1. Every residue in the stretch A:50-105 that is of a type in the set (S, T, N, Q) and closer than 30 Å to A:Leu233 by Cα, please.
2. For the stretch A:56-155, which fully contained helices (runs of 4 or more DSSP H) count at least 3 residues that are within 11 Å of chain B (Cβ to nearest Cβ)?
3. If I filter the stretch B:221-240 down to residues being modelled with pLDDT of 90 or more and of a type outside the set (A, V, I, L, M), which single residue comes out as farthest from A:Asp271 (Cα to Cα)?
4. So which residues in the stretch B:37-70 are away from chain A (no Cβ under 14 Å), in a loop (DSSP other than H, G, I, E, B) and without any contact (Cβ under 8 Å) to a residue 40 or more places away in the chain, if there are any at all?
5. State yes or no: is A:Thr183 in contact with a helix residue (DSSP H, G or I) (Cβ under 7 Å, 6 or more places away or on another chain) and under 17 Å from B:Phe28 (Cβ atoms)?
6. For the stretch A:140-167, enumerate the residues that are surrounded by 13 or more Cβ atoms within 10 Å (Cβ to Cβ) and on the phi > 0 side of the Ramachandran plot.
7. Here is a list: B:Leu127, B:Leu156. Which entry is over 19 Å from B:Leu229 (Cα atoms) and under 17 Å from the mean Cα position of the chain (by Cα)?
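The values are calculated or read from the model by the stated rules, or taken from the named source; none is laboratory data. Small disclaimer: the values here were computed from a predicted structure and weren't measured. Don't worry about glycine lacking a Cβ; one is built from the backbone with ideal geometry, like all the others, and counts go over all protein chains shown.
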Amino acid sequence: MTALAPTAAPARAAAPPARNRRALLRRRALPYLLLAPALITFGVFKAYPIVASLLLSLTTGSGAATRNAGLSNYRRLLDDPLFWTALGNTAKILVVQVPLMLALALLLAVGINSALVRWRAVWRLGVFMPTVTGLVATGVMFAFLLNTEHGAVNSLLGQLGLPAVDWLGDPFWARMAIVLLLTWHYTGYNAVIYLAGLQGIPRELYEAAMVDGAGPLRRFFSITLPALRPVLLFTVVLSTIGTLQLFDEPYVLTRGGPDNATLTVSMYLYDNGFRYFDFGYASAIAYALTLIVSVLGAIQMRLMGERE
Amino acid sequence: MSSRTNRLRGWPLTLGLAAVAGLSVGPFYWLAVAATQKDADIFAWPPALLPGGSLGDNLERLEAKIGLGRVLVNSLVVAGVQTAGALVVALLAGYAFAKFRFPGRGILFALLLSTLVVPEQVMLVPLFEMMMSFGILDSYQAVILPGLCVPFAIFLMRQALSGMPDELLDAARVDGAGEIRVLFGVVVPVMRPVLAALAIFLFLGSWNQFVWPLIALRSPEMHTLPVALATLHGMKADTDYGAILAGTALSTVPLMVLFLVLQRQFISGLLAGATKG
């Protein structure tokens, strides 16, 4: 239908027919040629693996011994205590970490955005810095800082007269260590996103509210929060997806321990796929994870996006 | 309210922000200093505040353990090629989506974006089998190829190019420029800031990627820096803290430098997804 666009047709009609046709053909093929690299790499390295993984989750064995297994991998999953432990750990980390981090990020953004504050650019730069570090580097760094006997954090606690915390050896504190690491790493990123959102709110709204006698808290809840709704939604969904896929941090910091307290769904998937080479089962875990991610994402968008 | 009371009221807030910024930057400073200490001094309390003289020793031992030079080259090749490749793929696709109308445009774009919600983990097993059957497991290609199509980058390029006036392109076409000339002579120069932001963003992701390289790169001499560091750190028998921390510091240095030099583009690159999405 686009070929009938009136603007292009008359000019082309004047050209000799053979050249015209070739030029037209070239013009029609051009967008597909431009898209070819993307579509080929997408098809081979994204679409194919996604479909293959689904099929693989319905098989058992590997190589020539691969057999059709129907839904048995998924049934096994439901009865696998270790999978539920991994899912539970991931959920425990998620419900503490995401709200904590986002609240802190919002507070930081409002602070940095305040006209009362000096050297705002410096604080913005400072809190954003951790985002740049890789998760492996962060994990190694935290393993040293949180070392039970000699780590700087426990030494500092001792200085303050507080007891040492067994960060990496106690199930509860090991999960807290992951929460701490994630919060340190991503708070600045979210704060900068909120900051951009805050700067898009018209000043007149606040001025009008002040004329009407609204205090700072009232202004925050009636103007700032509603205006940030799309940005909040974006960060909630993104952090949830990210935390559900948690892998690098526990892999480096705790290796899933102690006693599987920080084993995450992604780590369990990795163990099954690349340590036990049970590709069918690993694929079933991957699809279970995809299902959880999409259901949670859809619920969040429903809850938060509705009133827009 | 006079400006003086305002200024006074601002101080607690400023101090609070300084404290948070300190907590954010503090660990980096600790890392930078610790990387230059002797093993025995790394856990000293109170911690050293000034760099020591052992950085060279630490790096030398790291070279002996993981082949630091080789590992750095691996990381640079993978991140460099992947960034350049993904940038070109995204530029071409973004240009097609933004500036051409063709059958299938909407569906193809939706298809590309739909994979944003699929966790990376889903692709690991089939990718591993694929690379094995291609016979390129444990090679640069195995790591680079799956990272060439970045749907988010395509999305970003399409958004940026949609804002570019068509008249600019048409003027060049009327002057007789071929489509390739239009793209590289007109589009690319105008889009340079966006391309720079995207390049940094892609490099960051590529330099730090971990799970897939961990799976695809089996032999130590092919490891990238994060994989080598995680492997070294995971060997509980090896307690050469100085070497590990020197390597960790080294893995963050290129990013810090890039970040400090190009902060504006950096932040806008990361923000693009949030504010336009």
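1. A:Ser53, A:Thr85, A:Asn89, A:Thr90, A:Gln97
2. A:81-113, A:120-132, A:135-145
3. B:Glu221
4. B:Leu50, B:Pro51, B:Gly52, B:Gly53
5. yes
6. None; the set is empty.
7. Only one candidate qualifies: B:Leu156.
Let's see how each residue does on (1) within 30 Å of B:Ile267 (Cα to Cα); (2) more than 9 Å from chain A (Cβ to nearest Cβ); (3) without any contact (Cβ under 8 Å) to a residue 24 or more places away in the chain:
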| position | (1), (2), (3) |
| --- | --- |
| B:Ala197 | yes, yes, no |
| B:Gln209 | yes, no, no |
| B:Leu217 | no, yes, no |
| B:Met222 | no, yes, no |
| B:Leu225 | yes, no, no |
| B:His233 | no, no, yes |
| B:Gly242 | no, yes, no |
